[in-house]
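Here's the structure we're looking at; comments come further down.
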Amino acid sequence: MAKKLTKAIKYILAIGIAAALLWAALRGIDWKVFLEGLKQTRWGFVLLSVGCAVCSNFFREERWRDLMLPMDPQASRLRLWDALNIGNAVSVAVPWAGLLVRTGAVRGNKASYDKTLGTILMERTWDMLMVVLLIISAVLANSGDIARFLIDKVAVPFAGRLNLVICLVLLALIAVAAVGLWIIYHFRKQSPLLDKLAGWIDGLLVGFKSFKDVRWKGRFVFYSMMVWLTYAGMCLCVFKAIPALEHLNFTDALFVSAVGSLSSLVPVPGGFGAYHYLVALAISSIYGASWETGILFATLNHESRALLLLLLGGLSSISSQIERKGLI
């Protein structure tokens, strides 16, 4: 009962944060301007962006398979594809839960749950690296405007919210985690529970370090690049779908896709609110577009992908059930 109540409270808080961010993004918006922009939207480009989203999922599945193969040489593309889609669909509704669901959805996997989760954490690490590289590339290509945006709209506000209490709390959490790990490993032989926890952490680390066992590391890096190039392709297509943004180029799309990815750090369902606010802020601050245009772009790009993820998740759930029954 207590566990269910805790989950419910977390979910309610997540929805509350999303609602607050969405309100901040939409307050003061001129809906006549927004609707006029919506009428002018070239929907063929929006559909093309959805095609890019499908391609990004394909590259994600292939990259994940490269990490899984050393631990499970028989890793099935279909199972990984279905697990990826199911996890993505869950993430639309429940923040970060998709990672756990995706791990458990790999049926017939010879690698344990902890090792599989470790491979997903390794994927996320590469994604963070790619975001950093994309931002650096965008700054070098358009150093003035983008650098000022990152300093004035991101770094300064973030630093302003940091205070001594928050820093002390973060340090305390790090210290508690370090002490907890020491206790687990130091006393693992004296306690079955601690030994089980240590084994689970060991498996997680094995999965996380799976990159060193990847046979074709160049191919893995290529897949990582293609994931983010297809994300940028989605942004570029939506740029072309909106007349006020059609002049923006692929470099701009790379930067906006990187900014949008930062919304995943905020614990809200599917990035709702956080994505809209960050992307609209970037487009209006750097490219001089109206706030309504920024919100229109964010809505088209985010909601089209969210609907796709829900559709693919539903289809993969059916596929997974059929496979379990041995029909395919």
(request) Could you point to the residue in L173, L248, V206 farthest towards the positive end of the stretch 35-324's charge dipole, with +1 and -1 charges on the Cβ of Lys/Arg and Asp/Glu respectively? (result) V206
(message) For the pair L168/L140, report the inter-label distance in nm, with labels modelled 7 Å from Cα in the Cβ direction.
(response) 4.3 nm
(message) So if I take the centroid of the Cα atoms in the stretch 273-318 and the same for the stretch 193-248, what is the distance between those two points in Å?
(response) 19 Å
(request) Any of K115/K212; K196/K217; K217/K240; K189/K212; K110/K325 with alpha carbons more than 23 Å apart? Name them for me. (result) K196/K217; K217/K240; K189/K212
(request) Please give the direction-averaged projected area of the C-alpha convex hull for the stretch 206-298, in square nanometres with one decimal. (result) 7.3 nm²
(message) Taking the number of other C-beta atoms within 10 Å as the exposure measure, put V227, V139, V256, V132 in order starting with the fewest.
(response) V132, V139, V227, V256
(request) Estimate the FRET efficiency between L121 and H247 by the formula 1/(1 + (r/R0)^6), using the beta-carbon distance for r and 41 Å for R0, to the nearest 0.05. (result) 0.55
(request) Can you pull the one-decimal nm distance between simple spin-label points at K209 and F187, each 7 Å off the Cα toward Cβ? (result) 2.6 nm
(request) Estimate the FRET efficiency between Q74 and W96 by the formula 1/(1 + (r/R0)^6), using the beta-carbon distance for r and 35 Å for R0, to the nearest 0.05. (result) 0.75
(message) What does the extension gain come out to for L133 and E36, with contour length at 0.36 nm per residue minus their alpha carbon separation?
(response) 31.3 nm
(request) Output ³J(HN,Hα) for the stretch 62-72: one whole-Hz value per residue in order, computed from phi by the Karplus curve 6.51 cos²θ - 1.76 cosθ + 1.60 with θ = phi - 60°, and x for Gly and Pro. (result) 5, 5, 5, 4, 4, 6, 7, 4, x, 8, 9
(message) Please compute the Kirkwood hydrodynamic radius of the stretch 35-324 from all pairs of different C-alpha atoms, in Å with one decimal.
(response) 20.7 Å
(message) Within the stretch 51-81, name every residue whose backbone N is under 13 Å away from a label modeled 7 Å from Cα of L311 along the Cβ vector.
(response) 51-55
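The numbers here are math on the coordinates, done by the rules we state, and not lab data. This structure is a prediction, so every number in the text was calculated from the model and none was measured. Virtual Cβ from ideal backbone geometry, glycine too; neighbours counted across all protein chains shown.
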